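A.B. asks: Below you'll find the structure I mean.
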There are 2 protein chains.
Amino acid sequence: MSLAQIGRELRCQCIKTESRFIPPRLMQNVELIPSGPHCSNVEVIATLKSGQRVCLEPRAPWVERIIRKILESSKPTPESQL
Amino acid sequence: MSLAQIGRELRCQCIKTESRFIPPRLMQNVELIPSGPHCSNVEVIATLKSGQRVCLEPRAPWVERIIRKILESSKPTPESQL
């Protein structure tokens, strides 16, 4: 038994992707799943604050923008606040 | 009861973050959690193929690079393959 497999889906999660814009404030988290033996597609899954899970189009420019925005909204490290 | 809360942690997940490089081929998925009422920090959590979960430093340049690389490795849409 491989413990590493627990909680890992062994197939693609997304049947279709949403390419229309979803405001980032509605997003609870965004999961990026690289392609691999389980699925030949890169998958980007947003969990909305409503609890709904939505597959996003990895190649949509707004998806990359939202991800960058989440990273950039990270506060400066304590060192840079001195 | 709010169904939307199921599976959602109501506090920060990361005590410390790993700022050293982790090769993307070891990553099973990467989760981005925007800051919010539950936690004032943006959190980036990689689940490794070993099953280990590692908090990454959202401001580390390599973290942004890896995320961009995952998105860019997405195959062209069927339309563009015609």
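Quick note: the coordinates plus some simple rules give every number you see, no bench work behind them. Keep in mind the model is a prediction, meaning the values are calculated, not measured. Note that we place each Cβ from the backbone using ideal geometry, even for glycine, and neighbour counts take in every protein chain shown.
A.B. asks: Rounded to the nearest 0.05, what FRET efficiency do B:GLN52 and A:GLU18 give with R0 = 30 Å and r taken as the Cβ-Cβ distance? Could you check?
C.D. replies: So the FRET efficiency works out to roughly 0.45.
A.B. asks: If you don't mind, another one. Taking amide H atoms as placed 1.01 Å from N in the peptide plane, list the residues 5 or more away in sequence, or in a different chain, whose amide H sits under 5 Å from that of B:GLN28.
C.D. replies: Amide H neighbours of B:GLN28: B:THR47, B:LEU48, B:LYS49.
A.B. asks: Sort A:26-32, A:57-63 for me by packing, meaning the mean count of neighbouring Cβ atoms within 10 Å per residue, highest on top.
C.D. replies: Highest to lowest by the protection proxy: A:26-32, A:57-63.
A.B. asks: Roughly how many whole Å is it from the C-alpha centroid of the range B:9-35 to that of the range A:11-57?
C.D. replies: That distance is 17 Å.
A.B. asks: Residue by residue through the range B:49-60, which ³J(HN,Hα) values in whole Hz follow from phi under the Karplus form 6.51 cos²θ - 1.76 cosθ + 1.60 (θ = phi - 60°), with glycine and proline marked x?
C.D. replies: 5, 6, x, 5, 9, 10, 7, 9, 7, x, 8, 6
A.B. asks: Further question on the same structure: Which of the three applies to the range A:22-72, rounded, prolate or oblate, going by the alpha-carbon gyration tensor with a ≥ b ≥ c and a/c under 1.5 meaning rounded?
C.D. replies: Oblate shape, in that a/c is at least 1.5 and b/c is the bigger or equal ratio.
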